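Nothing in this text is a laboratory measurement; each read-out follows from the coordinates by a stated rule. Here the structure is a predicted model, which is why all the values come from computation and not from measurement. Note that we place each Cβ from the backbone using ideal geometry, even for glycine, and neighbour counts take in every protein chain shown.
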Amino acid sequence: MHTGGRLVIAMLLALLGAELARSAPPTIAEWDASFARAVRDRSRKLAGFAKACDRDKLPALAWLLRQEALRWTPDDGDLRAKLGYVRVGETWEKNPVVREGLRKLEDTARDRVLRKIEKRIKSFRASAVRRFRGLAGQAASGAEAGDEPGWKKRVERAWRQVLVAVPDDKRAHEALGSKRIDGRFILPEWQPHLRVRRERLEAGRKRAALEFEAREILPDGPMSASGVNCGAARSGPVTVYSEFGRDTAKQTVIWLRRAYVDIEAEYGFPETIWLVMGKRTFYSVKSRTGCHQVLTRGFAWSDEKAGSQLDFASGAYPAEGSFVSWDPSVESATDACIQVLCRALARYRQVQVTRDESAPDDVEPWFLEALTLDVVVRLTGRALNNFVQKEHYRDEQRDMPLLNQWAAIASMRVLRDNDISMATLHKLRFNQLEEDEMAKGFTYLHFLFERDPDAARAFVGKMLATDTPTAIKKTYGKSLEEMDREYAEWVRWTL
């Protein structure tokens, strides 16, 4: 054969060999290397976008992009430093002073600049999705060939990285076996949590439909003596005097009886606890002036004492087993009565479960408020106290058919890496619990029940006798930090 012909054939064979090599499925080692490069490239690209945001006066967006990049490369020292972390031994710890300053940053760029960077980020996310879809396809081919074990796990790993880029990617969720529940895809490992959520909320709705006999009584006693017109009703151990009238008094009494049933069933409290606690009387007033009047004229409080108390709270405990509160809304007034009843039940249950001198003086405030919110939300569907109606929270609320705006607030804190830790929350006093803290406690308690309802009830019993770190360790065998990390993942994928 002519030398030139042999040379052409050799070149064709070389090209064919190269093409075959490119089309041949990679080995697991080669795939792992490609996957690692894709992860590093994504993190670096996000960090690059964050630097551009710093330059373009978009520090809040830069913060979020660095948080996302950190999920890909958690040991990146430069990212950690820019997010207010410091290295302590083998771990990274948050510098609260630096992070507090970073969280207060606001974007001041013009809309045109913001739209431009958002367009670039969107294009990058689409590119990342294509890259990891390709890796998923390679791993699937390897699994079909069956040459090496371990391909199936890599298929799942690649599809999960698609979800990190685009959490609602339909193809990724279908490949991973997700189900659409209440409008969003839920991964298989979180589907049992949603079932528990539905069951608990459905149980609350059923108890909210329970009927109890409530009889009207003469509106005598401190409220009548104070000159405030009211209606009154009684059912079992509960009596309500309401300025909203006798019908509202009867309905409030019935709601309180429902709360008794709910807390017994959900938290494992004995049916006889109301016998231990004794009778409870609630005085519901429409205004602060009326509440002040009941306290001073009905319970002989001084003007100074009543005024000081109402400057601090919207209610008071003027006598054993009695509670006076004011609220212009019937619904919120009812919620406040349920709140007080639940607190009392928890405290009396603490007396029953405590048998030694080392027990705490009182139930930890975060837990007491979380339990209260849980009962109110599941029974009435309301958020309690109207905290989440405040102006600065409206933009953060979103449709949450299975929980409520409290969970939306907690979710935003997790997604912004602005979540309060349980190590901090469990030490706070009542007057230190604000919207963020109450939202975290409420949502955390839901997380524990969805994780394992029986274990959650065991945790409740231990909480009443000890403190949060001890109760978590004895119930779950984990530290508060470990449970916080699991809680954060639950928030990301179920709320």
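Couple of notes before you dig in:
- Ranking of SER224, SER322, SER284 by neighbouring Cβ atoms within 10 Å, starting from the fewest: SER224, SER322, SER284.
- At an R0 of 41 angstrom, the distance between the Cβ atoms of GLU482 and LYS116 translates into a FRET efficiency of 0.50.
- Subset of LYS57/LYS116; LYS51/LYS122; LYS119/LYS179 violating a 21 Å alpha-carbon distance limit: LYS119/LYS179
- Annotation: extensible slack from ASP78 through ASP454 equals 131.0 nm (criterion: 0.36 nm per residue apart, minus Cα-Cα distance).
- Peptides ranked, highest mean first, by Cβ atoms within 10 Å: ranges 421-429, 212-220, 292-300: 292-300, 421-429, 212-220
- In this simple spin-label approximation, SER287 and PHE124 carry label points 7 Å from Cα along the Cα→Cβ vector, and these lie 5.8 nm apart.
- Which labelled figure in [x] 32.4; [y] 25.4; [z] 23.2 is mean projected area of the Cα convex hull in nm², once derived from the coordinates: [x]
- Here each label is just a point 7 Å from Cα along the line to Cβ, and for ASP247 and ALA209 those points are 2.3 nm apart.
- Estimated FRET transfer efficiency when R0 is 41 angstrom, pair LEU428-ALA145 (beta carbons, to 0.05): 0.10
- Dividing the mean sequence gap of close Cα pairs (under 8 Å, 6+ apart) by how many residues the chain holds gives a relative contact order of 10 percent.
- Ordering ARG280, ARG110 from the fewest to the most neighbouring beta carbons within 10 Å gives ARG110, ARG280.
- Each Cα pair under 8 Å and six or more residues apart adds its separation to the average, and for segment 21-181 the resulting relative contact order is 20 percent.
- Assuming charge only on the beta carbon of Lys and Arg (+1) and of Asp and Glu (-1), the dipole of segment 21-181 about its Cα centre is about 720 debye to the nearest 20.
- Calculated FRET efficiency, THR91 to THR272, Cβ-Cβ distance, R0 = 30 Å: about 0.05 to the nearest 0.05.
- Cα-based helix-to-principal-axis angle, 405-415 vs the chain, degrees rounded to 10: 40 degrees
- Exposure proxy ranking, count of Cβ atoms within 10 Å, fewest first, for TYR241, TYR317, TYR267, TYR444: TYR317, TYR267, TYR444, TYR241
- Against the chain, whose longest principal axis is taken from its Cα atoms, helix 3-23 shows a tilt of about 10°.
- For segment 278-291, 3J(HN,Hα) computed residue by residue from phi via the Karplus equation (6.51, -1.76, 1.60; θ = phi - 60°) reads x, 6, 10, 10, 10, 10, 10, 10, 7, 9, 4, 4, x, 5 Hz, glycine and proline entered as x.
- For a paramagnetic label modelled on ARG157 (point 7 Å from Cα along Cα→Cβ), amide N atoms under 20 Å away are absent within segment 456-495.
- Using a simple spin-label model with pseudo-atoms 7 Å out from Cα toward Cβ, SER308 and VAL196 lie 4.5 nm apart.
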